[in-house]
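Below: one structure, written as structure tokens.
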Amino acid sequence: AEAVMPDSERIPGERYHAGQRLRAYLLKVEDTQGDPRIVVSRGHREFVHQLLSLEVPEVEDGTLVVKRIAREPGRRSKVAIESLDPNVDPVGTCVGAGGARVRMVTRELSGERIDLLRWSDDTVQLLKNSLEPASVLSVELNEEEHKANVLVPDDELSLAIGKGGQNVRLTAKLIGYDIEVSSPGEGAD
């Protein structure tokens, strides 16, 4: 069968060549007058999940559960993982010995960075896990408006926000809150 990968489903910057073997996520199959139209994606967040399932047997067998993924294709993904076995470290298991497992996923995604973090049902803890390695001093949640105000140390503000705001943007996608990050010294000029 032939498949179609629209520009919107590609990883930005990737070039494809005739005869090249590619892994992709089956997005949908549409009925048409003739043959069905198969649409695949390399930019969908579920593609990251499927790649992790291929590289990490514990994800495939259900010991580890990928709870949420926030992704900017070609740049960075944040993956929240929960372990159903208290003896299995979710992040360490996905990283693998010497980073081998996550490296295979990164290679397939053309160098896209993968941030693996521990899942928590507590929104504040999940937010803290997602902003690591920046340390969080305090979090104020407004659950009605889905907004969070986060206070980080002065010297870790740029680390928490990330290059071009990417870290905080992906964290916001992951937890479903608008996030405002500040530091104690910001207003003291």
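Below are the figures for this structure:
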| read-out | value |
| --- | --- |
| Estimated distance in nm for a label pair at residue 142 and residue 97, the labels positioned 7 Å out from Cα along Cα-to-Cβ | 5.1 nm |
| The range 78-189 - percent of accessible surface contributed by carbon and sulfur, probe 1.4 Å | 47 percent |
| Hz values of 3J(HN,Hα) by residue in the range 8-21 - Karplus curve (6.51, -1.76, 1.60), Gly and Pro given as x | 5, 9, 8, 7, x, x, 6, 10, 10, 10, 4, x, 6, 8 |
| R0 of 30 Å, Cβ-Cβ distance residue 38-residue 82: FRET efficiency to nearest 0.05 | 0.40 |
| Solvent-accessible area per residue, Å², over the range 39-189 with all protein chains present [probe radius 1.4 Å] | 50 Å² |
| Estimated 222 nm signal from helices in the chain, with DSSP H stretches of n ≥ 4 weighted -39500 (n - 2.57), rounded to 500 | -7500 deg cm²/dmol |
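The values are calculated or read from the model by the stated rules, or taken from the named source; none is laboratory data. Source: prediction; values computed, not measured. Counting neighbours? That spans all protein chains shown, and the Cβs are built from the backbone with ideal geometry, glycine included. To get the accessible areas, we keep the full protein, side chains included, count just its heavy atoms, and leave off ligands, DNA and RNA. Shrake-Rupley method; radii C 1.70, N 1.55, O 1.52, S 1.80 Å.
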